[in-house]
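Below you'll find the structure, written out as structure tokens, and then a few comments.
Any read-out appearing in this document is the output of simple, stated calculations on the displayed coordinates, not a laboratory observation. The shown structure was predicted, so the numbers you read here are calculated from the model rather than taken from an experiment. Please note: Cβ atoms are built from the backbone with ideal geometry, for glycine as well, and neighbour counts cover all protein chains shown.
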Amino acid sequence: MRSEGTYQFERSDLETILFADNAIVRSRFQESFADLIRQFLDESDRVCAQLRSFGSVLTADLRAAWVEKFVFSAFNSLFVSCHLLISGLLLPAGNLMRQYAEASAMALLCSHHAIDVLRRFDKDPTKFPVHDAVRLVRNRRNTELLRINAQGWTSFEAISKWYDQYSHVTVLSLTTDTLLQKPGSVILGGKFDDGKCEAYRKELGLRVSAMARLCELVVAVRENVKAAQANGLFVTRTSAS
């Protein structure tokens, strides 16, 4: 909701915003970006199909459990991020993209038996520096073991760092509550801002691409876990310590 004058919100306005479902905002996004939203849903459906079959080819152990947890966290973060974006809530939508990136990186790192991240993480999950996971994948040995295109991961890391701006009070984050279509007005809650249409298009496109990459990642980490188990490398709480 926007304010007709700066901060001219009555208590009734605040209550309306607090309990709003933002359906009108989402309808504006649907009208303006129907193709991108459809593509996002198509890619999300593909990821769900991979998640449903994830455990069917694996034996239950710690590696399989943690990797599955991280890939679902990545999916959930990305999906909810898109939900928030088309609800006009840009700041939390951007913040969740950082969660998506870290969860994706942790799924990769924990999936390979020759990388010691799973052992270190499982020893004390509260102390493991998950915020370094995206950088850890870039380690040359890890990149080779995971068969990741180094240049592609560098691009992934750059996008992840860009979304760090949504986790801090940056100039970019401050513009999310500014109504560009009507200078001098502010936004409280969700709003479709015609002045941000190009930014919306870019953000939705990034999420479509991210969901497509996540589908590939789910397949890759499942194969890594499957390969470890085929070689008798099952992980229990004792062996991970």
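Mean residue ellipticity at 222 nm, helices only, the chain: -21000 deg cm²/dmol; runs of at least 4 DSSP H residues each add -39,500 (n - 2.57), and the sum is divided by the number of residues. Quick one: angle between helix 34-52 and the longest Cα principal axis of the chain, in degrees between 0 and 90, rounded to 10, please. So the helix axis and the longest Cα principal axis differ by about 30 degrees.
For region 11-240, the ratio of Cα radius of gyration to the globular rule of thumb 2.2 N^0.38 Å stands at 1.13.
In this structure the amide hydrogen of Ile187, modeled in the peptide plane, comes within under 5 Å of the amide hydrogens of Thr178, Leu179, none closer than 5 places in sequence on its chain.
In the structure shown, the pairs Lys69/Lys123; Lys161/Lys191; Lys161/Lys202; Lys123/Lys202; Lys161/Lys226; Lys127/Lys161 are assessed against 28 Å; a Cα-Cα span above that value is assigned to Lys123/Lys202; Lys161/Lys226.
Please give the net charge around Asn22, taking every other residue with its beta carbon less than 11 angstrom from that of Asn22, where Lys and Arg add +1 and Asp and Glu add -1. Before the final figure, lay out each step's value.
On the way: positive: Arg26, Arg28, Lys191; negative: Asp21.
Here the charged neighbours net out to +2.
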